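Data block below; observations after.
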Amino acid sequence: MASRSLGGLGGSRGGGGKKSLSARNAAVERRNLITVCRFSVKTLIDRSCFETIDDSSPQFNNFAAILEQILSHRLKGQVTWFGYESPRSFWDYIRVACRKVSQNCICSIENMENISSSRAKGRAWIRVALMEKHLSEYISTALRDFKTTRRFYEDGAIVLGEEANMLAGMLLGLNAIDFSFCLKGQGLDGSIPAVIDYTPYMKFIQSSDSISSDEEELRTLGSSDSSGSSTPETVGPPFVMDENIWFNKCKRVRQKYQLALEQKGYLEELLRLRENQLSESVSQNKILLQRIEDSELAHKLEKEQLEYIIVELQDQLKSYQSLDQLSAEVSLSQTSLDPGHSQEGDGKQDSLINEGKEDTPSLLGLCGSLTSVASYKSLTSLKSNDCLASPTAEMTSPGLTPS
(Lines give C-alpha, C1' and ligand atoms only; values in the text may rest on other atoms or scores of the structure.)
Protein backbone atom coordinates (compact mmCIF):
# COMPACT_ATOMS: atom_id res chain seq x y z
CA MET A 1 0.00 0.00 0.00
CA ALA A 2 2.82 2.31 0.89
CA SER A 3 4.60 1.52 -2.32
CA ARG A 4 1.50 2.17 -4.30
CA SER A 5 0.91 5.49 -2.60
CA LEU A 6 4.47 6.51 -3.18
CA GLY A 7 4.23 5.47 -6.78
CA GLY A 8 1.05 7.48 -7.22
CA LEU A 9 2.69 10.49 -5.62
CA GLY A 10 5.68 10.14 -7.89
CA GLY A 11 3.40 9.86 -10.89
CA SER A 12 1.56 13.04 -9.95
CA ARG A 13 4.81 14.85 -9.49
CA GLY A 14 6.04 13.58 -12.83
CA GLY A 15 2.87 14.86 -14.52
CA GLY A 16 3.26 18.28 -12.93
CA GLY A 17 6.90 18.39 -14.01
CA LYS A 18 5.97 17.61 -17.59
CA LYS A 19 3.36 20.38 -17.62
CA SER A 20 5.79 22.91 -16.19
CA LEU A 21 8.45 21.82 -18.67
CA SER A 22 6.07 22.14 -21.61
CA ALA A 23 4.95 25.59 -20.42
CA ARG A 24 8.58 26.64 -20.09
CA ASN A 25 9.40 25.37 -23.56
CA ALA A 26 6.40 27.22 -25.05
CA ALA A 27 7.39 30.47 -23.32
CA VAL A 28 10.99 30.16 -24.52
CA GLU A 29 9.83 29.43 -28.06
CA ARG A 30 7.57 32.49 -28.10
CA ARG A 31 10.29 34.72 -26.66
CA ASN A 32 12.87 33.46 -29.15
CA LEU A 33 10.62 34.10 -32.16
CA ILE A 34 9.66 37.61 -31.03
CA THR A 35 13.28 38.54 -30.24
CA VAL A 36 14.54 37.23 -33.58
CA CYS A 37 11.73 39.09 -35.37
CA ARG A 38 12.77 42.34 -33.71
CA PHE A 39 16.40 41.81 -34.74
CA SER A 40 15.30 41.00 -38.28
CA VAL A 41 13.22 44.19 -38.57
CA LYS A 42 16.16 46.29 -37.37
CA THR A 43 18.47 44.55 -39.84
CA LEU A 44 16.06 45.28 -42.70
CA ILE A 45 15.84 48.96 -41.74
CA ASP A 46 19.64 49.28 -41.58
CA ARG A 47 20.14 47.45 -44.87
CA SER A 48 17.53 49.57 -46.68
CA CYS A 49 19.82 52.62 -46.27
CA PHE A 50 22.38 51.07 -48.62
CA GLU A 51 20.46 48.87 -51.07
CA THR A 52 16.99 48.02 -52.31
CA ILE A 53 15.25 45.20 -50.48
CA ASP A 54 13.91 42.52 -52.84
CA ASP A 55 13.61 38.72 -53.05
CA SER A 56 17.38 38.29 -53.44
CA SER A 57 18.07 39.92 -50.07
CA PRO A 58 18.95 37.30 -47.40
CA GLN A 59 17.73 39.65 -44.68
CA PHE A 60 14.25 39.73 -46.19
CA ASN A 61 14.13 35.97 -46.77
CA ASN A 62 15.01 35.44 -43.13
CA PHE A 63 12.36 37.96 -42.01
CA ALA A 64 9.70 36.26 -44.16
CA ALA A 65 10.59 32.90 -42.63
CA ILE A 66 10.39 34.33 -39.10
CA LEU A 67 7.00 35.97 -39.73
CA GLU A 68 5.69 32.76 -41.28
CA GLN A 69 6.81 30.79 -38.22
CA ILE A 70 5.13 33.31 -35.89
CA LEU A 71 1.83 33.22 -37.76
CA SER A 72 1.97 29.41 -37.95
CA HIS A 73 2.81 28.96 -34.25
CA ARG A 74 0.31 26.51 -32.68
CA LEU A 75 -2.10 26.87 -35.60
CA LYS A 76 -5.01 24.44 -35.44
CA GLY A 77 -5.56 21.91 -38.19
CA GLN A 78 -8.72 21.57 -40.19
CA VAL A 79 -10.95 18.67 -39.15
CA THR A 80 -12.62 16.88 -42.06
CA TRP A 81 -15.92 15.01 -42.13
CA PHE A 82 -14.20 11.72 -41.42
CA GLY A 83 -12.52 13.06 -38.26
CA TYR A 84 -9.08 13.46 -39.75
CA GLU A 85 -7.11 16.64 -39.10
CA SER A 86 -5.40 18.15 -42.14
CA PRO A 87 -2.66 20.77 -41.79
CA ARG A 88 -3.54 24.41 -42.23
CA SER A 89 -1.65 27.49 -43.42
CA PHE A 90 -1.68 30.93 -41.81
CA TRP A 91 -3.24 32.23 -45.03
CA ASP A 92 -6.54 30.63 -44.00
CA TYR A 93 -6.53 32.78 -40.87
CA ILE A 94 -5.42 35.97 -42.63
CA ARG A 95 -8.04 35.55 -45.34
CA VAL A 96 -10.84 35.52 -42.76
CA ALA A 97 -9.48 37.96 -40.15
CA CYS A 98 -8.29 40.71 -42.54
CA ARG A 99 -11.50 41.15 -44.52
CA LYS A 100 -12.26 44.34 -42.58
CA VAL A 101 -9.13 46.14 -43.79
CA SER A 102 -10.07 48.90 -46.22
CA GLN A 103 -8.82 48.31 -49.77
CA ASN A 104 -7.29 44.95 -48.84
CA CYS A 105 -5.47 42.69 -51.28
CA ILE A 106 -7.18 39.45 -50.25
CA CYS A 107 -9.28 39.10 -53.40
CA SER A 108 -6.39 39.93 -55.74
CA ILE A 109 -4.18 37.27 -54.15
CA GLU A 110 -7.00 34.71 -54.29
CA ASN A 111 -7.36 35.37 -58.03
CA MET A 112 -3.67 34.95 -58.88
CA GLU A 113 -3.23 32.28 -61.56
CA ASN A 114 0.36 31.26 -60.84
CA ILE A 115 -0.27 30.67 -57.12
CA SER A 116 -2.30 27.65 -56.10
CA SER A 117 -1.23 26.44 -52.65
CA SER A 118 -2.34 28.13 -49.44
CA ARG A 119 1.23 28.58 -48.18
CA ALA A 120 2.27 30.30 -51.42
CA LYS A 121 -0.69 32.68 -51.14
CA GLY A 122 0.37 33.56 -47.61
CA ARG A 123 3.90 34.34 -48.78
CA ALA A 124 2.52 36.46 -51.62
CA TRP A 125 0.36 38.32 -49.11
CA ILE A 126 3.43 39.17 -47.00
CA ARG A 127 5.17 40.69 -50.02
CA VAL A 128 2.14 42.63 -51.25
CA ALA A 129 1.44 43.99 -47.76
CA LEU A 130 5.05 45.16 -47.44
CA MET A 131 4.95 46.90 -50.81
CA GLU A 132 1.65 48.57 -49.86
CA LYS A 133 3.12 49.50 -46.40
CA HIS A 134 0.07 47.97 -44.69
CA LEU A 135 1.54 44.86 -43.03
CA SER A 136 1.22 46.30 -39.52
CA GLU A 137 -2.37 47.33 -40.24
CA TYR A 138 -3.25 43.81 -41.42
CA ILE A 139 -1.73 42.22 -38.30
CA SER A 140 -3.42 44.71 -35.94
CA THR A 141 -6.83 44.16 -37.54
CA ALA A 142 -6.46 40.39 -37.38
CA LEU A 143 -5.43 40.46 -33.71
CA ARG A 144 -8.40 42.66 -32.78
CA ASP A 145 -10.72 39.94 -34.10
CA PHE A 146 -10.13 37.82 -31.01
CA LYS A 147 -13.01 35.45 -31.74
CA THR A 148 -11.58 34.43 -35.12
CA THR A 149 -8.06 34.22 -33.68
CA ARG A 150 -9.24 31.92 -30.90
CA ARG A 151 -11.00 29.74 -33.48
CA PHE A 152 -7.81 29.22 -35.54
CA TYR A 153 -5.11 28.96 -32.81
CA GLU A 154 -4.53 26.80 -29.77
CA ASP A 155 -3.70 28.02 -26.29
CA GLY A 156 -0.13 29.27 -25.94
CA ALA A 157 0.09 30.66 -29.47
CA ILE A 158 2.01 33.91 -30.00
CA VAL A 159 -0.98 35.69 -31.55
CA LEU A 160 -3.02 34.91 -28.39
CA GLY A 161 -0.40 36.13 -25.92
CA GLU A 162 1.01 39.47 -24.85
CA GLU A 163 3.70 39.20 -27.50
CA ALA A 164 1.12 39.90 -30.21
CA ASN A 165 0.97 43.62 -29.34
CA MET A 166 4.76 43.81 -29.56
CA LEU A 167 4.62 42.15 -32.97
CA ALA A 168 2.21 44.75 -34.40
CA GLY A 169 4.33 47.58 -33.00
CA MET A 170 7.66 46.37 -34.35
CA LEU A 171 6.21 45.76 -37.84
CA LEU A 172 5.22 49.42 -38.01
CA GLY A 173 8.85 50.39 -38.68
CA LEU A 174 8.79 48.52 -42.00
CA ASN A 175 6.52 51.21 -43.49
CA ALA A 176 9.63 53.37 -43.98
CA ILE A 177 11.18 50.87 -46.43
CA ASP A 178 10.42 50.75 -50.17
CA PHE A 179 10.23 47.05 -51.06
CA SER A 180 10.34 45.63 -54.57
CA PHE A 181 9.23 42.04 -55.12
CA CYS A 182 8.39 39.76 -58.00
CA LEU A 183 5.38 37.56 -57.26
CA LYS A 184 6.60 34.79 -59.58
CA GLY A 185 9.88 33.90 -57.90
CA GLN A 186 11.10 30.85 -56.02
CA GLY A 187 10.23 32.41 -52.69
CA LEU A 188 6.56 31.67 -53.32
CA ASP A 189 7.05 27.91 -53.63
CA GLY A 190 4.62 26.48 -51.13
CA SER A 191 6.18 23.02 -51.08
CA ILE A 192 9.38 24.17 -49.33
CA PRO A 193 9.01 25.02 -45.62
CA ALA A 194 10.55 28.22 -44.26
CA VAL A 195 13.77 27.86 -42.25
CA ILE A 196 15.10 30.57 -39.96
CA ASP A 197 18.79 31.43 -40.00
CA TYR A 198 19.78 32.34 -36.44
CA THR A 199 23.49 32.87 -37.08
CA PRO A 200 23.31 36.60 -38.01
CA TYR A 201 21.75 37.37 -34.62
CA MET A 202 24.09 35.30 -32.45
CA LYS A 203 26.85 37.06 -30.58
CA PHE A 204 29.44 35.33 -28.42
CA ILE A 205 31.47 37.51 -26.08
CA GLN A 206 34.70 35.84 -24.99
CA SER A 207 36.20 36.83 -21.67
CA SER A 208 39.79 38.01 -21.26
CA ASP A 209 40.75 34.88 -19.27
CA SER A 210 39.46 32.67 -22.06
CA ILE A 211 41.42 34.67 -24.66
CA SER A 212 44.67 34.38 -22.65
CA SER A 213 44.17 30.64 -22.22
CA ASP A 214 43.63 30.25 -25.96
CA GLU A 215 46.84 32.18 -26.67
CA GLU A 216 48.78 30.02 -24.18
CA GLU A 217 47.39 26.89 -25.80
CA LEU A 218 48.38 28.10 -29.27
CA ARG A 219 51.90 28.86 -28.09
CA THR A 220 52.15 25.44 -26.49
CA LEU A 221 51.01 23.73 -29.66
CA GLY A 222 53.44 25.75 -31.73
CA SER A 223 56.42 24.91 -29.51
CA SER A 224 55.60 21.19 -29.47
CA ASP A 225 55.17 20.92 -33.22
CA SER A 226 58.21 22.96 -34.11
CA SER A 227 61.70 21.45 -34.32
CA GLY A 228 64.89 22.73 -32.75
CA SER A 229 65.70 24.84 -35.81
CA SER A 230 62.39 26.68 -35.68
CA THR A 231 62.51 30.36 -34.90
CA PRO A 232 59.96 32.54 -33.09
CA GLU A 233 59.21 34.37 -36.33
CA THR A 234 57.56 31.25 -37.78
CA VAL A 235 54.93 31.16 -35.09
CA GLY A 236 51.68 32.67 -36.44
CA PRO A 237 49.56 35.19 -34.59
CA PRO A 238 47.30 33.77 -31.89
CA PHE A 239 44.15 35.21 -33.43
CA VAL A 240 43.64 35.99 -37.12
CA MET A 241 40.45 37.67 -38.27
CA ASP A 242 38.92 36.65 -41.56
CA GLU A 243 39.64 38.97 -44.47
CA ASN A 244 36.03 38.91 -45.55
CA ILE A 245 35.00 40.44 -42.24
CA TRP A 246 37.45 43.32 -42.72
CA PHE A 247 36.33 43.73 -46.34
CA ASN A 248 32.66 43.87 -45.31
CA LYS A 249 33.40 46.38 -42.57
CA CYS A 250 35.40 48.56 -44.96
CA LYS A 251 32.59 48.36 -47.49
CA ARG A 252 30.00 49.43 -44.93
CA VAL A 253 32.17 52.33 -43.78
CA ARG A 254 32.67 53.42 -47.40
CA GLN A 255 28.94 53.28 -48.04
CA LYS A 256 28.23 55.31 -44.92
CA TYR A 257 30.86 57.85 -45.96
CA GLN A 258 29.38 58.10 -49.47
CA LEU A 259 25.90 58.57 -48.04
CA ALA A 260 27.14 61.25 -45.63
CA LEU A 261 28.97 63.00 -48.48
CA GLU A 262 25.83 63.02 -50.64
CA GLN A 263 23.77 64.36 -47.75
CA LYS A 264 26.38 67.06 -47.15
CA GLY A 265 26.23 68.17 -50.80
CA TYR A 266 22.45 68.18 -50.72
CA LEU A 267 22.36 70.25 -47.54
CA GLU A 268 24.90 72.73 -48.94
CA GLU A 269 22.88 73.15 -52.13
CA LEU A 270 19.70 73.54 -50.09
CA LEU A 271 21.39 76.17 -47.89
CA ARG A 272 22.55 78.13 -50.94
CA LEU A 273 19.04 78.04 -52.41
CA ARG A 274 17.52 79.23 -49.14
CA GLU A 275 20.04 82.08 -48.90
CA ASN A 276 19.12 83.25 -52.41
CA GLN A 277 15.44 83.06 -51.55
CA LEU A 278 16.08 85.03 -48.37
CA SER A 279 17.93 87.81 -50.22
CA GLU A 280 15.14 88.04 -52.78
CA SER A 281 12.56 88.22 -50.02
CA VAL A 282 14.50 91.02 -48.29
CA SER A 283 14.69 93.08 -51.50
CA GLN A 284 11.00 92.56 -52.19
CA ASN A 285 10.23 93.56 -48.64
CA LYS A 286 12.13 96.82 -49.07
CA ILE A 287 10.25 97.59 -52.31
CA LEU A 288 6.92 96.90 -50.63
CA LEU A 289 7.81 99.13 -47.68
CA GLN A 290 8.73 101.98 -50.05
CA ARG A 291 5.44 101.55 -51.88
CA ILE A 292 3.55 101.64 -48.61
CA GLU A 293 5.29 104.86 -47.58
CA ASP A 294 4.52 106.47 -50.97
CA SER A 295 0.88 105.44 -50.80
CA GLU A 296 0.58 106.77 -47.25
CA LEU A 297 2.06 110.12 -48.32
CA ALA A 298 -0.30 110.33 -51.32
CA HIS A 299 -3.27 109.50 -49.12
CA LYS A 300 -2.23 112.16 -46.64
CA LEU A 301 -2.03 114.82 -49.36
CA GLU A 302 -5.36 113.75 -50.80
CA LYS A 303 -6.93 113.93 -47.36
CA GLU A 304 -5.64 117.50 -46.84
CA GLN A 305 -7.01 118.55 -50.23
CA LEU A 306 -10.39 117.04 -49.47
CA GLU A 307 -10.50 118.80 -46.09
CA TYR A 308 -9.68 122.12 -47.78
CA ILE A 309 -12.45 121.58 -50.35
CA ILE A 310 -14.92 120.72 -47.58
CA VAL A 311 -14.07 123.96 -45.75
CA GLU A 312 -14.58 125.99 -48.93
CA LEU A 313 -17.91 124.35 -49.62
CA GLN A 314 -19.03 125.02 -46.08
CA ASP A 315 -18.12 128.73 -46.46
CA GLN A 316 -20.04 128.97 -49.75
CA LEU A 317 -23.02 127.26 -48.18
CA LYS A 318 -22.98 129.72 -45.30
CA SER A 319 -22.80 132.69 -47.72
CA TYR A 320 -25.76 131.32 -49.73
CA GLN A 321 -27.75 130.86 -46.59
CA SER A 322 -27.02 134.45 -45.47
CA LEU A 323 -28.06 135.82 -48.89
CA ASP A 324 -31.34 133.89 -48.81
CA GLN A 325 -32.03 135.12 -45.31
CA LEU A 326 -31.25 138.72 -46.28
CA SER A 327 -33.51 138.59 -49.34
CA ALA A 328 -36.30 137.11 -47.23
CA GLU A 329 -35.96 139.92 -44.64
CA VAL A 330 -35.95 142.61 -47.33
CA SER A 331 -39.08 141.21 -48.96
CA LEU A 332 -40.86 141.04 -45.62
CA SER A 333 -39.88 144.60 -44.72
CA GLN A 334 -41.07 145.96 -48.09
CA THR A 335 -44.33 144.06 -47.83
CA SER A 336 -45.00 145.41 -44.38
CA LEU A 337 -44.21 149.00 -45.39
CA ASP A 338 -46.02 149.21 -48.75
CA PRO A 339 -48.37 146.47 -49.74
CA GLY A 340 -48.98 148.09 -53.14
CA HIS A 341 -45.37 147.84 -54.05
CA SER A 342 -45.15 144.16 -53.27
CA GLN A 343 -44.97 143.33 -56.92
CA GLU A 344 -42.18 145.82 -57.38
CA GLY A 345 -40.34 144.37 -54.43
CA ASP A 346 -40.85 140.92 -55.80
CA GLY A 347 -39.50 142.07 -59.14
CA LYS A 348 -36.46 143.57 -57.48
CA GLN A 349 -35.95 140.45 -55.45
CA ASP A 350 -36.22 138.32 -58.57
CA SER A 351 -33.80 140.63 -60.33
CA LEU A 352 -31.35 140.31 -57.40
CA ILE A 353 -31.66 136.56 -57.45
CA ASN A 354 -31.37 136.39 -61.23
CA GLU A 355 -28.23 138.54 -61.10
CA GLY A 356 -26.43 135.78 -59.21
CA LYS A 357 -27.44 133.17 -61.80
CA GLU A 358 -25.95 132.73 -65.21
CA ASP A 359 -28.17 133.76 -68.14
CA THR A 360 -28.85 131.09 -70.65
CA PRO A 361 -29.41 131.82 -74.37
CA SER A 362 -33.07 130.79 -74.18
CA LEU A 363 -33.75 133.17 -71.31
CA LEU A 364 -31.91 136.02 -73.05
CA GLY A 365 -34.01 135.57 -76.16
CA LEU A 366 -37.18 135.53 -74.12
CA CYS A 367 -36.23 138.66 -72.21
CA GLY A 368 -35.35 140.42 -75.45
CA SER A 369 -38.71 139.59 -76.98
CA LEU A 370 -40.57 140.82 -73.90
CA THR A 371 -38.65 144.09 -73.62
CA SER A 372 -39.40 145.11 -77.21
CA VAL A 373 -42.14 147.73 -77.76
CA ALA A 374 -44.10 145.69 -80.30
CA SER A 375 -44.24 142.67 -78.01
CA TYR A 376 -45.32 144.90 -75.15
CA LYS A 377 -48.16 146.40 -77.21
CA SER A 378 -49.27 142.99 -78.37
CA LEU A 379 -49.22 141.78 -74.80
CA THR A 380 -51.42 144.70 -73.60
CA SER A 381 -53.82 144.21 -76.50
CA LEU A 382 -53.98 140.49 -75.71
CA LYS A 383 -54.81 141.20 -72.09
CA SER A 384 -57.51 143.77 -73.00
CA ASN A 385 -59.10 141.48 -75.57
CA ASP A 386 -59.12 138.45 -73.31
CA CYS A 387 -60.57 140.52 -70.46
CA LEU A 388 -57.97 139.44 -67.97
CA ALA A 389 -58.83 140.22 -64.38
CA SER A 390 -56.03 142.70 -63.78
CA PRO A 391 -56.51 146.31 -62.55
CA THR A 392 -55.51 149.20 -64.76
CA ALA A 393 -53.29 150.52 -62.06
CA GLU A 394 -51.10 147.45 -62.44
CA MET A 395 -50.86 148.05 -66.21
CA THR A 396 -49.52 151.54 -65.69
CA SER A 397 -47.43 150.74 -62.62
CA PRO A 398 -43.75 151.52 -62.86
CA GLY A 399 -42.91 147.87 -62.08
CA LEU A 400 -44.42 146.67 -65.43
CA THR A 401 -42.95 149.37 -67.65
CA PRO A 402 -40.11 148.14 -69.82
CA SER A 403 -36.70 149.23 -68.74
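Leaving out ligands, DNA and RNA but keeping every protein chain, what accessible area does residue 279 have, in Å² rounded to the nearest 10, with a 1.4 Å probe?
Taking all protein chains as shown, residue 279 has close to 70 Å².
Which whole-Hz ³J(HN,Hα) couplings does region 134-151 yield from phi under the Karplus relation 6.51 cos²θ - 1.76 cosθ + 1.60, θ = phi - 60°, glycine and proline marked x?
10, 5, 5, 5, 4, 5, 5, 5, 5, 6, 5, 7, 5, 5, 5, 5, 5, 6
Going by accessible area, probe 1.4 Å, with all protein chains left in place, what is the ranking of 166, 202, 112, 131, largest first?
Result, largest first: 202, 166, 131, 112.
In what sequence, highest mean first, do 118-130, 245-257, 50-62 appear when ranked by Cβ atoms within 10 angstrom?
118-130, 50-62, 245-257
Residue by residue, what Karplus-based ³J(HN,Hα) values in Hz, rounded to whole numbers, does region 293-309 have, using 6.51, -1.76 and 1.60 with θ = phi - 60° and x for Gly and Pro?
My calculation for region 293-309 gives 5, 4, 5, 5, 5, 5, 5, 5, 5, 5, 5, 5, 5, 5, 5, 5, 5 Hz in order.
Along the Cα-to-Cβ line of residue 285, 7 Å from the Cα, sits a label point; which residues in region 257-271 have backbone N less than 11 Å from it?
From region 257-271, the list is empty.
Can you give the FRET efficiency for residue 45 and residue 107, using 1/(1 + (r/R0)^6), R0 = 45 Å, r = Cβ-Cβ distance, to the nearest 0.05?
About 0.90, to the nearest 0.05.
Using amide H atoms built 1.01 Å from N in the peptide plane, name the residues 5+ places from residue 78, or on other chains, whose amide H lies under 5 Å from its own.
Sorted by chain and number, the residues that satisfy this are 86, 88.
Ignoring everything but the protein chains, give the 1.4 Å probe accessible area of residue 150 in square angstrom, nearest 10.
90 Å²
With a 1.4 Å probe and every protein chain left in place, tell me how much accessible area residue 18 has, in Å² to the nearest 10.
150 Å²
Note the full-extension length gain between residue 294 and residue 329 as 0.36 nm times their separation in residues minus their Cα-Cα distance, in nm to one decimal.
7.3 nm
The values are calculated or read from the model by the stated rules, or taken from the named source; none is laboratory data. Computed from a prediction, not measured in an experiment: that's the story for all the values here. In this analysis, Cβ positions are derived from the backbone assuming ideal geometry, glycine residues included, and neighbour counts consider all displayed protein chains. The area values use the complete protein model at the heavy-atom level, side chains included, leaving out ligands, DNA and RNA. Shrake-Rupley method; radii C 1.70, N 1.55, O 1.52, S 1.80 Å.
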